[in-house]
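The structure appears below as structure tokens.
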Amino acid sequence: MEIFTLLETLEEMLESSKSIPFSSKGVINKEEMLDIIKEIRLKLPDELKQAKWVKEERQRILLEAQKEADDIVKEAENRIISMIDEHEITRKAYEQKAEIIETANEMSREISKGTKDYADSILSNLETTLQNALDTVKNNRNELK
């Protein structure tokens, strides 16, 4: 920064100035000193503006970085929740699949048992009818003899 250079020049002028005997005062070139002070005054506002801009830009960058970090964390949380939900849905689907298969197997066993019972009942009736018919045929044969 030029201001620091100008301040160092002022400091050197004061240190190299001739001192007045028996005092801490010194003799300096007044016009030179005033010119340097004017330059400092002229440059100070620009450098203050620049410093303020740098500070504001730094703050803006920090806020932007924080927002981006928050967005990344939020997106990660949403993906985790989504993955958990998908896992939960998949788990429930497998449970429902197992229940459906078990229900279908149970119904199949019941239908099979019902079919066998029905067939056994029909065959039993047929056997009884055939036995009666056989008995009638035997009786008729015996009567013919």
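The values are calculated or read from the model by the stated rules, or taken from the named source; none is laboratory data. If you're wondering where the values come from, they're calculated on a predicted model, not measured in any experiment. Reconstructed Cβ throughout: ideal geometry from the backbone, glycine too, with neighbour counts over all protein chains shown.
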(message) Regarding region 58-68, can at least one residue be identified that is within 30 Å of Ile3 (Cβ to Cβ), β-branched (Val, Ile, Thr) and either at pLDDT below 90 or part of a helix (DSSP H, G or I) (or both)?
(response) yes
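Quick one: would you say Ile61 is touching a strand residue (DSSP E or B) at 6+ places or on another chain (Cβ under 9 Å), without any contact (Cβ under 8 Å) to a residue 40 or more places away in the chain and of a type in the set (A, V, I, L, M)?
Spelling it out, it is not the case that Ile61 is touching a strand residue (DSSP E or B) at 6+ places or on another chain (Cβ under 9 Å), without any contact (Cβ under 8 Å) to a residue 40 or more places away in the chain and of a type in the set (A, V, I, L, M).
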